[in-house]
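Asker: Once you've had a glance at the structure underneath, I'll fire off some questions.
Bear in mind these aren't lab numbers, they're just calculated from the coordinates by the rules spelled out. Here the structure is a predicted model, which means the values were calculated and not measured. Here the Cβ positions follow ideal geometry from the backbone for every residue, glycine too, while neighbour counts run over all protein chains shown.
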Amino acid sequence: MIRIERIYTKTTGDGGYRILVDRLWPRGVRKENVDLWLKEVAPSTELRKWYGHEPDKWPDFKKKYFAELKDHQDEVQQILGLAQTKDVVLLYGSKEEKLNNAAALKEYLGRRLKK
């Protein structure tokens, strides 16, 4: 199972394998709170700045982000492989809870799991 969670959310410690999918390390977060940091699967800086969490840009953001992910299939396969043996939590730092890169990545991975 793959789910998303804001990295600043307090967890009980049994929440699954925690993968940070942001390009930048979030402030105040200790490294022991993350099992793996895959910054390569985060949107490019240019795409992230272009999107700016503007809801009207969400469909285009996803399209462009999914195109970027084609260049990072090793990391995508790594996440998919982990998800076959354990619960995976994609961590993000954004205050935006629904329209963020982790949500888009989860959708992308979900499509890959169905193939």
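Asker: Across the range 21-78, which residue is surrounded by the most Cβ atoms within 10 Å (Cβ to Cβ) among those that are among the acidic types (Asp, Glu) and under 22 Å from Thr9 (Cβ atoms)?
Answerer: It comes out as Asp22.
Asker: If you scan the range 98-115, which residues turn out to be in a helix (DSSP H, G or I) and closer than 18 Å to Trp25 by Cβ?
Answerer: Asn101, Ala102, Leu105
Asker: Would you confirm whether or not the range 28-44 contains a residue that is small (Gly, Ala, Ser), in contact (Cβ under 8 Å) with a residue 40 or more places away in the chain and under 16 Å from Asp87 (Cβ atoms)?
Answerer: No - not one qualifying residue is present in the range 28-44.
Asker: Counting only residues that are farther than 20 Å from Ile19 by Cα and free of Cβ contacts under 8 Å to residues at least 24 places away in the same chain, how many does the range 57-84 have?
Answerer: Number satisfying all stated conditions: 6.
Yes/no per residue for (1) in contact with a Leu (Cβ under 8 Å, 6 or more places away or on another chain); (2) of a type in the set (D, E, K, R); (3) under 16 Å from Ile7 (Cα atoms):
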{"site": "Gln78", "(1), (2), (3)": "yes, no, no"}
{"site": "Ala83", "(1), (2), (3)": "yes, no, no"}
{"site": "Lys86", "(1), (2), (3)": "no, yes, no"}
{"site": "Lys98", "(1), (2), (3)": "no, yes, yes"}
{"site": "Asn101", "(1), (2), (3)": "no, no, yes"}
{"site": "Gly110", "(1), (2), (3)": "no, no, no"}
